[in-house]
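Take a look at the structure set out below.
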Amino acid sequence: MAAGNRSAGQAEKDAASAKLGARVRGLVEKTIQRNIKGVEYFASAAPPVGLTPKDTIYKRGTLNLYHYRPQTEDVYRVPILIVMATTNRSYVLDIAKGASFIEFLVSNGYDVYAIDWDPPRPEEKRLDLASYTQDFIPSCIRKVQEASGEADVTILGYCMGGVLSVIYAATHPDGPMKNLVCFTTPINWHEMGLFSVWSDRQHFDVDRLVDMVGNVPPDLIMTSFDMLRPVGKPAARAQLWENMWNDAYVENFRKFDRWANETLPLAGEYFRQTTKDLMWGNKLYKGELVVGGKKADIGQIKAPLLHAVAQHDHIIPRGASAPLIELAGSEDKEELVLKGGHISLVAGANAVRRLWPSLDEWLSERSL
C-alpha cells in the first residue's frame, strides 16, 4: 500500500511538474515572440484600411465624395450619404474586412456614398458651418441624385458629422432628405462635460487662437480627447505589449490606433463658430442657430429619424445627445441606446452584433 501511495504521489508530482514546465515554455515562447514582433511592429508599415471598392465621383477643395461599388444584384432604391466629421477620414467606418460598417451596408444591398475630408489648406481657414451644411452637403446630395437617378437620399452622420447632418436637415425641412440617421450626435452642448470646462470663455480665447494660427492643428484636438481619459493611451500600449505575440490582436490594434491618431485639422472659422455658437451659446439646442441666413430649428425636421447612442460614451455624454429625439418634429423617430463606447458603438465586434443589425432592420423598410 505504501509503495502504491508513493507511486501515485510521484505521478501527481510528475504531472504537476509537466504542467508547470509547459506553462513556463509557453511564457518563454510568448516573451521571445513578443520581442521579435515588437521589432517587426516598428519596422513595418501600418496595415491598409478603407478597402471596400469605391470610386471618387466628386472632388472640390477639401471635399471628396465616394461611391462604393454595389456588391449585390438587388439594391435598395434610396441611396445613403454618409457625412463624416471634418476631423476624421471615411476609412474609420471601413476599418477592416469583416469589421467594416460600409462593407456591411454594401453587402446588404444599400447604395452607399460617403463624404471624405482632406485637411483644409491655409486659404480654406474661412470655411464655417454654412460652408459645410449649406454648400458641401447640398452639392453632394445633388451628385448622389445624379449618380443614382433617385430624388430621395438618406443622410447618415457620425458624431460631428451628425451635427452637420442635423443642421442641414433643420435648414432644409422640405427635403430631399428621405431619412436621417445619426450616431452619438451632441445637441445640448452645455452637457458636454470636460469639453465645456476646457472651452469656457473665461479662460479660452478662441478668437486669439484662430486669428493667430488659422486652421486649428490636430495636436490640440487630440490632446483634448486624451485628457478625457489620461491613462487611456498608456494602458492601451501596455496591453499591446502583453499581446505583441498575437498577430491578429496587433493588426487590429494598429488599425484602430491609426483611427485615433490620424486626426485632421479644423478650419479656423468652423472651429470659432462651433465654440461660440454651439459650445458657448448652445444655439442649436435653443433653436437660435442661424446658418447661411437660415434658422436651424430641429423641430422642423420631419423625416424618419434614428439616433443611436452608446451607454458608456466618454466623448458625447447622454445629456448632450438625448435632446435630438425630444426636439425633432418627426412622427417616425427612434433612439437606440446600446452597450459600448463612442467607437465600439459603430466599429468592432460589439457593433457587428448590436448596432448594425438594428440599423439594417430600421433602414431596410424605409429605403424602398
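The values are calculated or read from the model by the stated rules, or taken from the named source; none is laboratory data. No experiment lies behind these values; they were computed from the predicted model shown. Cβ sites come from the backbone with ideal geometry, for glycine too, and all protein chains shown count toward neighbours.
Annotations for the structure displayed:
- Some residue of the stretch 77-100 being part of a loop (DSSP other than H, G, I, E, B), under 23 Å from Val291 (Cα atoms), in contact with a Cys (Cβ under 7 Å, 6 or more places away or on another chain) and not polar (S, T, N, Q): yes
- Sub-7 Å Cβ pairs linking a first residue in the stretch 261-282 that is outside any helix (DSSP H, G or I) to a second residue that is surrounded by fewer than 22 Cβ atoms within 10 Å (Cβ to Cβ) and of a type in the set (Val, Ile, Thr), at least 6 apart or interchain, are Thr263/Thr87; Thr263/Ile221; Leu264/Thr87; Leu266/Thr87; Leu266/Ile221, ordered by first then second residue.
- Taking the criterion of being closer than 24 Å to Ala99 by Cα and without any contact (Cβ under 8 Å) to a residue 60 or more places away in the chain, the residues of the stretch 314-354 that qualify are Glu335, Leu336, Val337, Leu338, Lys339, Gly340, Gly341, Ser344, Asn350, Arg353, Arg354.
- Residues in the stretch 145-170 that are surrounded by fewer than 23 Cβ atoms within 10 Å (Cβ to Cβ) and part of a helix (DSSP H, G or I): Gln145, Glu146, Ala147, Ser148.
- Scanning the stretch 103-121 for residues that are part of a loop (DSSP other than H, G, I, E, B) and in contact with a His (Cβ under 9 Å, 6 or more places away or on another chain) yields a count of 1.
- Scanning the stretch 34-70 for residues that are at pLDDT 55 or above, at negative phi and either surrounded by 15 or more Cβ atoms within 10 Å (Cβ to Cβ) or not polar (S, T, N, Q) (or both) yields a count of 24.
- Residue list for the stretch 335-350, filter: under 28 Å from Leu284 (Cβ atoms) and either assigned to a loop (DSSP other than H, G, I, E, B) or in contact with a helix residue (DSSP H, G or I) (Cβ under 7 Å, 6 or more places away or on another chain) (or both): Glu335, Leu336, Leu338, Lys339, Gly340, Gly341, His342, Ile343, Ser344, Leu345, Val346, Ala347
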